[in-house]
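All remarks here apply to the structure that follows.
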Amino acid sequence: MPAQFEDVRLECLVGDIARQPDIDAVVNAANAALQPGAGVAGAIHRAAGPGLEQECRPLAPIRPGQAVITGAHNLPNRFVIHCLGPVYGVDRPEAELLASCYREALRLARRHGVRSIAFPALSTGVFGYPFEAAARVAIATVSAEAAPPLALVRFVLFRPADRDVYARLLGDLPRG
Ligand code: ADP
């Protein structure tokens, strides 16, 4: 279910963040050390190869709410934007830190002339953020901040039930 907001298309689908070949920049749900891990970070580093880990090393550690950008190495994209989401119940205030991830990722995308970006559902795996609350922060922040030359924001969800939450919330957005 796409939502057109200003001139930026917001869409959601079920998929693997490491397999989005038509997208300029993919976002990593990183850990502070910017190392491979479970979930999104594991999938991205596995597909990108060891060059990504090497490029990340001097950029670490990052703080909750922060984002950094690297090349995409063996991924079929131009950039990876690594965000450290809040650990739910630990890094506070959670909603502000999560919103900061989306905002900072979009700021880096803008600075690098990115036209399309794909986000996973940051903080909703190992970091324990309740899914729908996190989706509301993601969609509200992206709707407010995304602007041309960015033309497409894709939310890549791992499970159909997660995609359905995004589809419902995107359907509730006022049309631009
Ligand atoms: P965090 O540590 O920020 O919670 P995770 O990687 O553990 O990040 O999970 C974030 C979300 O990404 C979860 O909703 C999880 O189901 C989903 N996810 C896991 N692997 C992938 C993948 N390869 N592509 C897209 N989403 C994924």
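The set of residues from the range 20-62 being assigned to a loop (DSSP other than H, G, I, E, B), within 9 Å of the ligand (Cβ to nearest atom) and crowded, with 22+ Cβ neighbours inside 10 Å comprises just one member, A30. Determine whether L10 is touching a strand residue (DSSP E or B) at 6+ places or on another chain (Cβ under 6 Å) and of a type outside the set (V, I, T). It is true that L10 is touching a strand residue (DSSP E or B) at 6+ places or on another chain (Cβ under 6 Å) and of a type outside the set (V, I, T).
When D16, D24 are checked against the criterion of being modelled with pLDDT of 95 or more, touching a Ser or Thr at 6+ places or on another chain (Cβ under 9 Å) and acidic (D, E), a single residue qualifies: D24. Among the residues of the range 125-151, the ones that are over 13 Å from V27 (Cβ atoms), crowded, with 18+ Cβ neighbours inside 10 Å and within 16 Å of the ligand (Cβ to nearest atom) come to 7 in all.
The residues listed here are I17, I81, I69; of these, the one that is under 14 Å from V153 (Cα atoms) and part of a strand (DSSP E or B) is I81. The numbered conditions (1) under 10 Å from the mean Cα position of the chain (by Cα); (2) of a type in the set (G, A, S); (3) within 12 Å of the ligand (Cβ to nearest atom) are all true for A105 except (3).
S143 meets each of the listed conditions (1) under 17 Å from D7 (Cα atoms); (2) touching a helix residue (DSSP H, G or I) at 6+ places or on another chain (Cβ under 7 Å) apart from (2).
One line per residue, one yes/no per condition, for (1) under 17 Å from D16 (Cα atoms); (2) not small (G, A, S):
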site	(1), (2)
R110	no, yes
I117	yes, yes
V126	yes, yes
I139	no, yes
P148	no, yes
A151	no, no
R154	yes, yes
L169	no, yes
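The values are calculated or read from the model by the stated rules, or taken from the named source; none is laboratory data. Because the structure is predicted, anything quoted here is derived from the model rather than measured. Every residue, glycine as well, gets a Cβ built from its backbone with ideal geometry; the counts of neighbours run over all protein chains shown.
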